[in-house]
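K.L.:
Just passing along the structure, written as structure tokens.
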Amino acid sequence: MADWKKMAKALILADGYIEEKEVDIIKAEILADGVVNKSEAEFLIDLRNSAPKAVAKFHQFVFEVVKKVILADGVITAEEASWLEKFVMADGKVDDMEKAFLKDLQASAKKTSPEFDALVKKYT
């Protein structure tokens, strides 16, 4: 069986740029069943980290999906904090969008772990 993630990634990144039309297709497919899971979030993160260029709409969608996955139960655990650190540090730096994202997660969570709070303090 073909690896759909590998194939989709190759098609999306063929021209080196994730444009708005591609974001609309990605968004429709990821949200088609009304449920966003960690595997889909990880696919989007990999795509974001691999894309030389992407429209802002794509980055916003990735943050939206990651937020839904992380806050599914309202709690940000130590394991999720570790996963988030890998996400925001994938390119070796934490940009302003990622800092704002961490602060938004902290404000939106019902409960956060000490590890997540330390992560926010470290990078914001």
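K.L.:
Sort through Leu84, Leu102, Leu119 and tell me the only one that's in contact with a Ser or Thr (Cβ under 8 Å, 6 or more places away or on another chain), farther than 21 Å from Asp3 by Cβ and in a helix (DSSP H, G or I).
P.N.:
Testing whether each residue is in contact with a Ser or Thr (Cβ under 8 Å, 6 or more places away or on another chain), farther than 21 Å from Asp3 by Cβ and in a helix (DSSP H, G or I) leaves just Leu102.
K.L.:
Please list, ordered by residue number, the helices (runs of 4 or more DSSP H) wholly in the stretch 1-79 having 2 or more residues that are under 15 Å from Leu105 (Cα atoms) and among the β-branched types (Val, Ile, Thr).
P.N.:
Working: elements: 4-12, 20-30, 38-50, 56-70.
So the answer is 56-70.
K.L.:
Same structure, new question: May I ask you to list the residues in the stretch 10-41 that are modelled with pLDDT under 95, under 15 Å from the mean Cα position of the chain (by Cα) and not hydrophobic (A, V, I, L, M, F, W, C)?
P.N.:
Residues satisfying the conditions are Asn37, Lys38, Ser39, Glu40.
Quick grid of which residues meet (1) touching a residue at least 24 places away in the same chain (Cβ under 8 Å); (2) over 25 Å from Ala118 (Cα atoms); (3) touching a His at 6+ places or on another chain (Cβ under 6 Å); (4) not charged (D, E, K, R):
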{"site": "Ala10", "(1), (2), (3), (4)": "no, yes, no, yes"}
{"site": "Leu13", "(1), (2), (3), (4)": "yes, yes, no, yes"}
{"site": "Ala41", "(1), (2), (3), (4)": "yes, no, no, yes"}
{"site": "Asp46", "(1), (2), (3), (4)": "yes, no, no, no"}
{"site": "His59", "(1), (2), (3), (4)": "yes, no, no, yes"}
{"site": "Phe63", "(1), (2), (3), (4)": "yes, no, no, yes"}
{"site": "Lys67", "(1), (2), (3), (4)": "yes, no, no, no"}
{"site": "Ala72", "(1), (2), (3), (4)": "no, no, no, yes"}
{"site": "Ile76", "(1), (2), (3), (4)": "yes, no, no, yes"}
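K.L.:
Does Ala56 satisfy being within 16 Å of the chain's Cα centre (by Cα), crowded, with 16+ Cβ neighbours inside 10 Å and outside the structural domain of Asp95 (by TED's automatic domain parsing)? Please lay out each step first, then the result.
P.N.:
Details: within 16 Å of the chain's Cα centre (by Cα): yes; crowded, with 16+ Cβ neighbours inside 10 Å: no; outside the structural domain of Asp95 (by TED's automatic domain parsing): yes.
Answer is no for this residue.
K.L.:
Next up: Pairs, please: C-beta under 9 Å, at least 6 apart or cross-chain, first residue closer than 17 Å to Leu44 by Cβ and without any contact (Cβ under 8 Å) to a residue 40 or more places away in the chain and in the stretch 88-117, second small (Gly, Ala, Ser) and assigned to a helix (DSSP H, G or I)?
P.N.:
Met97/Ala56
K.L.:
Being on the phi > 0 side of the Ramachandran plot and in contact with a helix residue (DSSP H, G or I) (Cβ under 9 Å, 6 or more places away or on another chain), is that true of even one residue in the stretch 29-47?
P.N.:
No, because not a single residue in the stretch 29-47 is on the phi > 0 side of the Ramachandran plot and in contact with a helix residue (DSSP H, G or I) (Cβ under 9 Å, 6 or more places away or on another chain).
K.L.:
Related question: Of the residues Gly92, Gly74, only one is modelled with pLDDT under 95 and at positive phi; which? Break it down stepwise before answering.
P.N.:
Values: Gly74 fails: modelled with pLDDT under 95.
The conditions single out Gly92.
K.L.:
Go through the residues of the stretch 90-99 one by one and say whether even a single one is among the hydrophobic types (A, V, I, L, M, F, W, C), closer than 28 Å to Trp4 by Cα and touching a Lys or Arg at 6+ places or on another chain (Cβ under 9 Å).
P.N.:
First pass over the stretch 90-99, keeping only residues among the hydrophobic types (A, V, I, L, M, F, W, C): 90, 94, 97.
Right, trim to closer than 28 Å to Trp4 by Cα and you get 90.
In the following step, the residues that additionally are touching a Lys or Arg at 6+ places or on another chain (Cβ under 9 Å) were identified as 90.
Yes, some residue in the stretch 90-99 is among the hydrophobic types (A, V, I, L, M, F, W, C), closer than 28 Å to Trp4 by Cα and touching a Lys or Arg at 6+ places or on another chain (Cβ under 9 Å).
The values are calculated or read from the model by the stated rules, or taken from the named source; none is laboratory data. This is a predicted model, so every value here is computed, not measured. So basically every Cβ, Gly included, is an ideal-geometry build from the backbone, and we count neighbours across all protein chains shown.
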